[in-house]
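For reference, the structure discussed in these notes is given below.
The values are calculated or read from the model by the stated rules, or taken from the named source; none is laboratory data. What you see is a predicted model; the values in this text were computed from it and never measured. Glycine gets a Cβ as well: all are built from the backbone with ideal geometry, and neighbour counts include every protein chain shown.
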Amino acid sequence: MLDETLLDTPDALARADRHGLLRGAAEAGARVRTAARHAVEAGIAELKPEGRPRALLLAGPGTAATGVADLLAALAGTTAPVTRLAPTGVAPAAGALRWALPGWAGPVDLLLITTTDGTEPGLALLAEQAYRRGCTVVAVAPRSSPLTEAVEVAHGLYVPLATAPRTGDQHPDEAQESAASPGAFWSLLTPLLILLDRLGILTAPTETISGMADRLDRTAERCGPAITTYSNPAKTLASELAESLPLIWSEGTATAAAGRRFAAVLGELAGHPALTAELPEAIAAHSTLLGASGGGQGAPDVADSADDFFRDRADDAQTLRPRAILLRDRPAGGLTAAPAARDLALAHNAPLSELEPEEGTDLEALAALIATTDFAAVYLALATA
């Protein structure tokens, strides 16, 4: 059950935030700027590529790395195929995850490795395998980690991970940042945006990265813990998601990636299940689910009204009722499936929350959407007993 009083008590939120999740969300803009500086210092801005790679291979553990791979695939479009390398199993040594290159990978392909840890032996072995195959390797990882040493041996490019600044009042549990922290996502994503812009795979020049950081700052101001629920879109969304099964509907390829990240972060941070689908397919995919659930609360059955009145509800099982979350994108050619999605929710008496695209570049609007949903997931995690 969501403790709504906690949401509007900043001091209580700070005490509940033992892993610095709110801090990670609030400093997203600063992470982008630091990560961009690290990318420049690593030499990405001076690269002179001799054409685009045939394919991009992305590997890394955790929600942040998965979200980065998904979003880059959406932004790259058909310019270069993007393949996420999922762990294929557990290596014999110490039960560590392992990764493997596909059989076709070779000198014309680019391997991107992202991690907030850097001690994974499976990733070091992957870098060595890429070197033997002739693949170029680029890694974003913590400084002085075993992975960075493996990348150097493979004659690859290493970008130091932009980490959170440490403070004197930091809780011991925050000694190492979780890969699920909102800040980690931006630390891993930003250097790769700059790299792929340099390779001509997507468009993310310096002014776009700077605008994205500014937009993240403004979103943090609007969604921060000091802003009351009434005026805070992230707190409002968290309240709406409590005791519901979110059906995250998205428009557009990049927005769909943001929706999948939202579902993953809800599960990892708040332990809250969610389903995702892209419009217009979501209308058919979730119509039966909405109909079977009966949508909203509805009226009690007349035959059970006396029992309902006198029954002690303290031990009643909580039922998650579907709630549609519509993540809007700018309409392509004026076409949008949003009205049909609203009609579906209305037909089944299901509540609906809607996040509209903001002004600015596509990357700025996407950053604001991801930041708002990250804040919502954090608030839900902290205020749910």
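Would you check if there is a residue in segment 258-267 being of a type outside the set (Gly, Ala, Ser), in the same structural domain as Thr372 (by TED's automatic domain parsing), on the phi > 0 side of the Ramachandran plot and in contact (Cβ under 8 Å) with a residue 40 or more places away in the chain? Within segment 258-267, not a single residue is of a type outside the set (Gly, Ala, Ser), in the same structural domain as Thr372 (by TED's automatic domain parsing), on the phi > 0 side of the Ramachandran plot and in contact (Cβ under 8 Å) with a residue 40 or more places away in the chain.
Condition check ((1) surrounded by 21 or more Cβ atoms within 10 Å (Cβ to Cβ); (2) assigned by TED's automatic domain parsing to the domain that holds Trp186; (3) among the charged types (D, E, K, R)) across all residues:
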position: Leu346; (1), (2), (3): no, no, no
position: Asn349; (1), (2), (3): no, no, no
position: Leu352; (1), (2), (3): no, no, no
position: Thr361; (1), (2), (3): no, no, no
position: Ala367; (1), (2), (3): yes, no, no
position: Asp374; (1), (2), (3): yes, no, yes
position: Ala377; (1), (2), (3): yes, no, no
position: Leu380; (1), (2), (3): yes, no, no
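For (1) of a type outside the set (Gly, Ala, Ser); (2) within 23 Å of the chain's Cα centre (by Cα), each residue gets a yes or a no:
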site	(1), (2)
Ile325	yes, yes
Pro331	yes, yes
His348	yes, no
Leu355	yes, yes
Ala368	no, yes
Thr372	yes, yes
Ala377	no, yes
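Please tell me if Arg33 is in contact (Cβ under 8 Å) with a residue 24 or more places away in the chain, over 21 Å from Arg261 (Cα atoms), more than 16 Å from the chain's Cα centre (by Cα) and in a loop (DSSP other than H, G, I, E, B). Considered against the rule, which asks whether it is in contact (Cβ under 8 Å) with a residue 24 or more places away in the chain, over 21 Å from Arg261 (Cα atoms), more than 16 Å from the chain's Cα centre (by Cα) and in a loop (DSSP other than H, G, I, E, B), Arg33 comes out as no. Filtered by the rule that a residue be surrounded by fewer than 17 Cβ atoms within 10 Å (Cβ to Cβ) and touching a strand residue (DSSP E or B) at 6+ places or on another chain (Cβ under 9 Å), segment 1-25 gives Met1, Asp3.
Take segment 343-371 and flag every residue that is of a type in the set (Gly, Ala, Ser) and in a loop (DSSP other than H, G, I, E, B). Ala350, Gly360 - these are the residues of segment 343-371 that are of a type in the set (Gly, Ala, Ser) and in a loop (DSSP other than H, G, I, E, B). Within segment 45-84, restricting attention to residues that are over 24 Å from the mean Cα position of the chain (by Cα) and not in a loop (DSSP other than H, G, I, E, B), the residue that is surrounded by the most Cβ atoms within 10 Å (Cβ to Cβ) is Ala45. Filtered by the rule that a residue be touching a residue at least 24 places away in the same chain (Cβ under 8 Å), within 21 Å of Ala55 (Cβ to Cβ) and either buried (at least 23 other Cβ atoms within 10 Å of the Cβ) or hydroxyl-bearing (Ser, Thr, Tyr) (or both), segment 85-125 gives Trp99, Leu110, Leu111, Leu112, Ile113, Thr114, Thr115, Leu123.
For segment 130-144, check the following and say yes or no: at least one residue is assigned to a helix (DSSP H, G or I) and either over 22 Å from Pro191 (Cα atoms) or touching a Phe, Trp or Tyr at 6+ places or on another chain (Cβ under 8 Å) (or both). Yes; the residues of segment 130-144 include at least one that is assigned to a helix (DSSP H, G or I) and either over 22 Å from Pro191 (Cα atoms) or touching a Phe, Trp or Tyr at 6+ places or on another chain (Cβ under 8 Å) (or both).
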